[in-house]
Amino acid sequence: MTRFLDLPSMCRLVQQVGMPRFLRELSEAITEDYLRWNDFDKSARLACHSPGGVIELMPVADAQRFAFKYVNGHPNNTRLGMPTVMAFGVLADVATGYPLLLSELTLTTALRTAATSALVARKLARPGSRRMALIGNGAQGEFQALAFHTLVGIDEIRVFDLDRNATDKLVRNLAAWPGLRVIRADSTAHAVRGADIVTTVTADKTLATILTPEMIEPGMHINGVGGDCPGKTEIPPDVLRRAKVFVEYEPQTRIEGDIQQLPADFPVTELWRVLAGLAAGREHAQQVTVFDSVGFALEDYSALRYVHALAQEHGIGEDVVLVPPAGNPKDLFGRIAGASAAAALRANDVARPAMKRVA
Ligand SMILES: NC(=O)c1ccc[n+]([C@@H]2O[C@H](COP(=O)([O-])OP(=O)(O)OC[C@H]3O[C@@H](n4cnc5c(N)ncnc54)[C@H](O)[C@@H]3O)[C@@H](O)[C@H]2O)c1
């Protein structure tokens with residue numbers, strides 16, 4: 001049977017486990033998988049672009065498990081009452097192709113993106129970082145805030161969004177969180193001033209300039225999450241050129257990340273190499289580091305395997321018959337209605353001309 005986790009089930013799972021533990025364990029799972037980088041069959045994601053957005057498929061596999069995510073990015077969706085980003089995905093057994101899990105991934109994407117941002121910042125931000133600016137207070141905002149609070153030790157966050165209602169929502173949602181001070185800023189420049197870490201997580205299908213060179217102070221770590229598609233960036237070339245830039249999977253980030261604005265030989269470092277101790281991260285306290293995050297399939301693989309185990313442990317979700325269960329595997333026809341299948345199909349065929357006459 002295939003375990004099915006819909007959005008309400010995933011919400012229950014996160015509530016039962018608790019957000020801090022969920023983010024910590026998920027970041028550990030992502031780290032473990034990045035450390036097995038060479039075990040994975042990797043590719044840049046397949047993107048279907050349209051004027052208002054993009055729909056993408058993100059596959060990845062090792063010798064045991066195959067995973068894929070369906071995800072969209074439509075920044076104008078919120079005007080229609082729909083999220084900018086929506087996702088679902090599958091975890092399957094490589095040996096047989098059997099789908100083990102069919103899961104919502106909208107909430108999970110926000111969690112895995114935040115967990116990845118935080119684990120990267122633990123490596124790249126200056127030790128003792130306490131203040132973060134959070135530019136873009138939409139669906140991803142609270143998850144980023146809580147991952148940095150829980151996993152990095154950020155205790156003060158200055159927030160800004162062009163949409164005041166988005167900031168109101170974020171401030172309200174985080175108001176009761178112990179030990180986290182959330183302060184409204186009246187501009188991006190105001191939010192960024194004095195920050196150790198700057199997270200940009202805006203949505204606009206354009207080459208946006210969220211940060212300008214004057215805003216960047218020595219030693220800052222920039223966690224650039226919203227520039228993740230051709231023609232959709234947040235960090236201008238002038239800021240990138242003065243920083244050391246880290247990416248998830250270079251072939252994909254060259255197309256989709258903020259570095260799409262720079263020549264193809266602009267130097268970048270893949271995250272897994274830093275995690276494995278094969279490449280340096282931050283080299284000195286004054287250096288500006290940038291994580292040019294676009295979201296890589298491996299993080300969804302980690303998230304799917306983590307929530308699959310958790311759902312089984314907590315008995316959450318339901319087992320659905322997505323593909324034929326045990327029985328005669330060659331009798332697919334017989335699945336329709338057992339022995340009476342042919343009769344049922346014949347009856348349906350006879351009914352159709354009658355319906356046409358009524359119409
Ligand atoms: N890198 C990744 O792995 C990853 C994962 C998920 C989402 N994303 C990206 O993160 C971004 C945010 O996603 P979301 O789900 O929160 O979207 P959202 O639409 O819910 O929120 C985006 C917010 O950005 C604000 N905004 C737009 N332009 C701005 C500007 N110039 N200054 C300040 N605020 C501005 C909007 O008002 C909105 O509130 C999207 O671009 C999405 O594609 C990246």
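If you go through the range 41-61 and keep only what is assigned to a loop (DSSP other than H, G, I, E, B) and in contact with a helix residue (DSSP H, G or I) (Cβ under 6 Å, 6 or more places away or on another chain), you end up with Ala44, Gly52.
Being of a type in the set (A, V, I, L, M, F, W, C) and under 21 Å from Glu256 (Cβ atoms) is the filter; apply it to the range 62-83 and report the residue that is nearest to the ligand (Cβ to nearest atom). My answer is Val71. The strands (runs of 3 or more DSSP E) falling completely within the range 86-171 that include 2 or more residues that are under 23 Å from Phe68 (Cα atoms) map to 87-93, 99-104. Looking only at the range 209-236, residues that are over 22 Å from Phe296 (Cβ atoms), open to solvent by 10 Å² or more (accessible area, probe 1.4 Å) and within 24 Å of the chain's Cα centre (by Cα) come to 2 in all. Ile222 meets each of the listed conditions (1) within 12 Å of the ligand (Cβ to nearest atom); (2) within 30 Å of Ala279 (Cβ to Cβ) apart from (1).
The set of residues in the range 123-133 that are on the phi < 0 side of the Ramachandran plot and out of contact with any helix residue (DSSP H, G or I) (no Cβ under 6 Å at 6 or more places or on another chain) comprises Leu124, Ala125, Arg126, Pro127, Ser129, Arg130, Arg131.
The single condition among (1) among the basic types (Lys, Arg); (2) farther than 30 Å from Arg3 by Cα; (3) in contact with a strand residue (DSSP E or B) (Cβ under 8 Å, 6 or more places away or on another chain) that Arg273 does not satisfy is (3).
Restricting the first member to the range 34-53 and to residues that are closer than 20 Å to Arg65 by Cα, and the second to residues that are at pLDDT 95 or above and β-branched (Val, Ile, Thr), the beta-carbon pairs closer than 8 Å and six or more apart or on different chains are Phe40/Val60; Asp41/Val60; Lys42/Val60; Ser43/Val60; Ala44/Ile255. Within the range 38-58, the only residue that satisfies the criterion of being open to solvent by less than 20 Å² (accessible area, probe 1.4 Å) and over 18 Å from the mean Cα position of the chain (by Cα) is Phe40.
For the range 172-200, the set of residues classified as open to solvent by 20 Å² or more (accessible area, probe 1.4 Å) and under 22 Å from the mean Cα position of the chain (by Cα) consists of Asn173 only. Scanning the range 197-218 for residues that are part of a loop (DSSP other than H, G, I, E, B), touching a residue at least 40 places away in the same chain (Cβ under 8 Å) and either β-branched (Val, Ile, Thr) or over 14 Å from Leu240 (Cα atoms) (or both) returns Val201, Thr202, Ala203, Asp204, Lys205, Ile210, Ile216.
The values are calculated or read from the model by the stated rules, or taken from the named source; none is laboratory data. Here the structure is a predicted model, which means the values were calculated and not measured. As a convention, Cβ positions derive from the backbone with ideal geometry for all residues, glycine included, and neighbour counts pool all protein chains shown. All accessible areas refer to the heavy atoms of the entire protein, side chains included, with ligands and DNA or RNA removed. Shrake-Rupley method; radii C 1.70, N 1.55, O 1.52, S 1.80 Å.
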